[in-house]
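The values are calculated or read from the model by the stated rules, or taken from the named source; none is laboratory data. In this text the structure is predicted, and so the values were computed from the model without any measurement. Backbone-built Cβ (ideal geometry, glycine too); neighbour counts: all protein chains shown. Remember, those area values only see protein heavy atoms, side chains included, never the ligands or the DNA or RNA. Shrake-Rupley method; radii C 1.70, N 1.55, O 1.52, S 1.80 Å.
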Amino acid sequence: MVPISYYILLSAAIFSIGLFGVLTRRNALMFLISIELMLNAANLNFVAFSTLHGNLTGQVFSLFILALAAAEVAVGIGIILVLQRNFSGIDVTKAVTLRW
Amino acid sequence: MGPFDLIAAIPLLPLTAFLVILFAGHFTPSALPKCGAIPGILALSGSFIISLSLLPLVYSGNFFNNSIYLWATWSISDLHFGFLIDPLSALMLVVVSLIALLVFIHSLGYMNDQNEQGLFRYYAGLSLFSFSMLSFVISDNLLMSFIFFELVGFCSWVLIGFWFREDAPPKAATKAFLVTRFGDYFFLIGVVAVLVIFGTANFAGPNSFPVLAKSAILSGQTLNGLDPQTWVTIIGLLILGGVIGKSAQFPLHTWLPDAMEGPTPVSALIHAATMVAAGVYLVARIYGFYALSPTTLAIIALVGGFTALLAATMATVKHELKQVLAYSTISQYGYIMLALGAGGYVAGIFHLTTHAIFKALLFLGAGAVIIAMHHDGDMWNMGGLREKLPVTYWCFIFGSLALAGIFPFAGFWSKDEVLLETLNYGLGGSPILLIGYAFGLIAVFVTGFYTFRMIHLTFHGSPRSQAAREPHSLRWNIKLPLVVLGSLSLLAGAINMVPLGEILGIDLSYLHHWLDTAPSNLTAHHYHELTESFSGYHSAYFSSIISAILSLAVAVSGMAFAWKLYQSPNPTESGTVYSTRFNTIYRILMHNYYQDDYQLMIASLTRNKLATFANIFDQKYLDGLVNELSSKSLSLSNSIRRIQTGAVTNYALLLSIGLVLILFIFALLGGWL
Amino acid sequence: MMETSISDLLVFLFFSGITLLSSAGVVLVKDVWHSALLLGVALLSIAVHYVLLSAEFIAAMQVLVYVGGVLILISFAIMLIRRKMDPKSMTSPSLNMGPHLLRGVGAIAFFLLFSSILIGASFVIPVGFQDGSSITKSIGYAMFGLPGASIHSENFLAAFEIIDIALVAALVAAVMLARRDSGGEN
């Protein structure tokens, strides 16, 4: 097996890239995509540690995360559609009704 | 079960009556006959009978001094309620409960028969008043005394302002309350000082504060950095503040004449037995403390003597019957203070007792006259009531003779003894008391004068108004208390007939012996020793016969002067010397030496200054601080809220920066880096 | 006890490169549609990592759920939202560079901090799964809380049921959100 620190470094990199996307992009769909990246980074960590310890808990957990990610995307896209309707665009910096 | 087991019932019976009248009067008014007078009369009859039954026990040398209820423990002293029954309090209990009972009976005629409204409030107030005063009398420590002292003041406020829909009574009630409260501030400080310095506020027993003060002075050590005698003087003067307020002594006497706005039975109760008596009773109660300080004693004597004369002169020109009586009360309490200040403990108690009787009589008599006059109290509208109201007339005469100090009425014996004691100690090395004696002797003349002016204007001559020609008839409930008190004011002097005893060569000073049966530190004898050794009071043993003849002669000359001025059937003030030769004096007397005016001026000046200062302080500093605080925080939050952009990206940025920072701190602290 | 073979390492490095490059492309390209396609590449390469970690079932699920479900959903969303097509962007992907990337400094700081912590960290010796044991079968046992799994894990029956409810709730919520407020029954 490849040393675990490689995997952690890889998943940290993917997570940071996802975070980078969240911070820099204004498109709501890009938000969603970046969050998928971050979720995958976490998943990769789970599976890697599962193999490291010879314990299946990590893998089962990653399955749950998979399912939740699918649900999240479904709801997220619903929200994006509503955003499109109400703010005539999906720029997240325009939807600022909750500001001061 | 002896009478000592029933001590608690003496104050609790009127308290029960108060509660019954209050709640029954509110919920089922029809269930109480006579609007609540009956429960009050029953309760006070009970208190009176128990008080009477205490007398033989006390006389046989028993006394009661126990804590009943401990309501707080403090590092300095335990605070408790307790009862002290000794000859002084037993005597006072009898006097208070008797007069309160008679006032209740009189009220049946004065209030119920006149169809007054709000009588439940009236009788509830009277019951609470009696409860407060009885509790005050039997209290065994200074703090409990203070509590009931204040309650007495509150009850007087309720009752003086009974006719609160009219203009004057609420003002008079508030004035009485505020003026006495002014004195009570000093009293309160005194109570705290006693507790802090002596660690106890008990009146009697080996650990009472007068005894501790005495041993502190004897030991010669300093207490809290001051000489013990200085402490005694300071505390004594502080407590005296409350006494001067309550007992209406100069300069805090101005509330008492105004208190005449209340119902006349209430005035009788205030003047004779409860409110005003509370002050001098307090001095007598802690006499063992006052006897240690010659300064305080001298001040008491001078204030008393001065007040006696000052109030008496003001009484000479008043139009209202009750006003004359009010000033005479102030004057008579001045005598009591003079006696106490001059070392005449027994004389003071004696005059307190006889004054309670004849002043109650005079007020109830005045009440009778006022009813007969269809609620007109102006003496210039009266005249010739002697034939119409014979019972009232004779009782009033008895009371007046006692007030003027004419042989053989009660006031003669007691007032004579006051003057005799003052003269004795004055000649015996305390010349300052001679000033008090001079005040007192002149006041005797003035007293005789205003008393007979009052009698003449009210009962003699020819009627000067329609009401005086056809007076209202009086019922038994008015007359009964008058007759009881009238006979008492003739006989009460018998308890201490010193001059007669000197003539006959036998000892007739029963009251002296009675007060000597007290527990060791409360006897008249002990007080005498204290004044002798600590205040340097030595008796000159002046002849009581000569003193008695002198004061009697002065009183009679005052009466004769009044007789000469007002003897015509239709006397007028303009026909007298006042308005012709002494116009200025007359005006000054009518305005009570401008006492009210200057006190009002001082009060309003200080009030205005204080209010202006407080206003500026409040506006500029208190409000300014709050406003500044709020405006600053408003602008601060106005700028801080800009963080809340509403854009998710910015929140995410802040979140990640925060995460990085927290992680960084953890890494640093945990040594991960 | 598992040894690191050179071939494994090479495969790992190769697919790591693909994953990182495609991920970076996802967040950097201008057009959302290109991002979605690059996301597909990234997800597939992560599936390869799962296979390397002997998690074949997870890799299959990754392909099925992510590439087959989530990516399709995103594509639909892009089609629903984009009104007019830019023909140029359809063919040539271009990077979306500019000063707005400065905000990404938070993410870079996070990565730097995390990796510097990681350098000092030590881990247990890898255990791995026993040869011949069925991982997929064990996952099934674990999910339903049944005995008989050859590889140890926790019991996940309750979590499984809760996920079930969460999925239903998400489905209903998605429908609710996507529906137009016509107010009618249709």
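Just a few scattered comments:
- Across segment C:96-136, Cα-Cα pairs farther apart than 11 Å form 76% of the total.
- Area buried, chain C against chain A - accessible surface, total, 1.4 angstrom probe, square angstrom: 6700
- The helix-based estimate of mean residue ellipticity at 222 nm for chain B, built from -39,500 (n - 2.57) per DSSP H run of four or more residues and divided by its residue count, is -23500 deg cm²/dmol to the nearest 500.
- Anchor B:Lys171: aspartates and glutamates whose Cα lies under 14 Å away (excluding residues fewer than 8 positions away in-chain): B:Asp258, B:Glu261, B:Asp596
- Rolling a 1.4 angstrom probe over the protein heavy atoms with all chains in place gives segment B:96-169 an accessible area of 26 Å² per residue.
- In the context of the full set of protein chains, residues of segment A:4-87 present 26 Å² of accessible surface per residue (probe radius 1.4 Å, heavy atoms only).
- A Cα-only calculation for chain B places Rg and Dmax at 30.2, 119 Å.
- Nearest 10 degrees, 0 to 90: helix A:4-24 Cα axis against chain A principal axis: 0
- Note on segment C:1-142: with neighbouring protein chains present and a 1.4 Å probe, carbon and sulfur make up 73 percent of its accessible heavy-atom surface.
- Taking Cα atoms only, the orientation of helix B:623-640 departs from the longest principal axis of chain B by about 20 degrees.
- Square roots of 5 times each gyration tensor eigenvalue, C-alpha, segment B:327-457, largest first, Å: 32, 13, 11
- Of the accessible area of chain B, computed with a 1.4 Å probe over protein heavy atoms only, carbon and sulfur atoms account for 69 percent.
- Both radii come from the Cα set of segment A:4-87: Rg as radius of gyration, Rh as Kirkwood radius; their ratio Rg/Rh reads 1.08.
- Shape box of segment C:23-81 [Cα atoms, principal axes, largest first, Å]: 38, 22, 9
- Pairs exceeding a 20 Å alpha-carbon distance, out of B:Lys359/B:Lys415; B:Lys322/B:Lys479; B:Lys415/B:Lys479; B:Lys388/B:Lys564; B:Lys246/B:Lys609; B:Lys246/B:Lys359: B:Lys415/B:Lys479; B:Lys388/B:Lys564; B:Lys246/B:Lys609.
- Within segment A:23-100, the trypsin sites (Lys or Arg not before Pro) that combine a DSSP coil assignment with at most 15 other C-beta atoms in a 10 angstrom radius are A:Lys94, A:Arg99.
- Chain B: angle of helix B:595-616 to the longest principal axis, Cα-based, in degrees nearest 10: 0
- Calculated on C-alpha atoms, the gyration radius of the protein assembly as shown divided by its Kirkwood radius gives an Rg/Rh of 1.38.
- When Rg and the Kirkwood Rh are both derived from Cα coordinates, the Rg/Rh ratio for segment B:221-339 amounts to 1.06.
- Here segment A:4-87 exposes an accessible surface that is 74 percent carbon and sulfur, computed with a 1.4 Å probe and the other protein chains kept in place.
- In a simple Cβ point-charge model (Lys, Arg +1; Asp, Glu -1; nothing else charged), the protein assembly as shown has a dipole of about 2560 debye relative to its Cα centre.
- Bridgeable lysines around C:Lys30 (alpha carbons under 18 Å apart, same-chain partners fewer than 8 residues away excluded): C:Lys84, C:Lys88.
- The interface between chain B and chain C buries about 800 Å² of solvent-accessible area in total (1.4 Å probe, ligands and nucleic acids excluded).
- Inter-part distance where segment B:486-540 and segment A:1-52 are each reduced to a Cα centre, Å: 108
- Residue-averaged 222 nm ellipticity for chain C, from DSSP H runs of 4+ at -39500 (n - 2.57), nearest 500: -19500 deg cm²/dmol
- Between the listed residues B:Ser604, B:Val556, B:Tyr566, the Cα displaced farthest toward the positive end of the dipole of segment B:501-656, a dipole computed from Cβ unit charges relative to the Cα centre, is found at B:Ser604.
- Structural descriptor for chain C: relative contact order 18 percent, calculated from alpha carbon pairs under 8 angstrom and at least 6 residues apart.
- Ordering A:Ser11, B:Ala268, B:Val280 by the projection of their Cα atoms onto the charge dipole of the protein assembly as shown, which places +1 on the Cβ of Lys and Arg and -1 on the Cβ of Asp and Glu, puts A:Ser11 at the extreme positive end.
- Of the residues B:Phe409, C:Leu38, B:Ala372, the one whose Cα sits farthest toward the positive end of the charge dipole of the protein assembly as shown, with +1 on the Cβ of Lys and Arg and -1 on the Cβ of Asp and Glu, is C:Leu38.
- Expected-Rg normalisation [2.2 N^0.38 Å, Cα atoms] applied to segment B:438-513: 1.64
- Solvent exposure of chain C as accessible area per residue, Å², 1.4 Å probe: 59
- Unit Cα scatterers, Debye sum, chain C: log10 I(q)/I(0) for q = 0.09, 0.10, 0.12, 0.13 Å⁻¹: -0.55, -0.68, -0.94, -1.07
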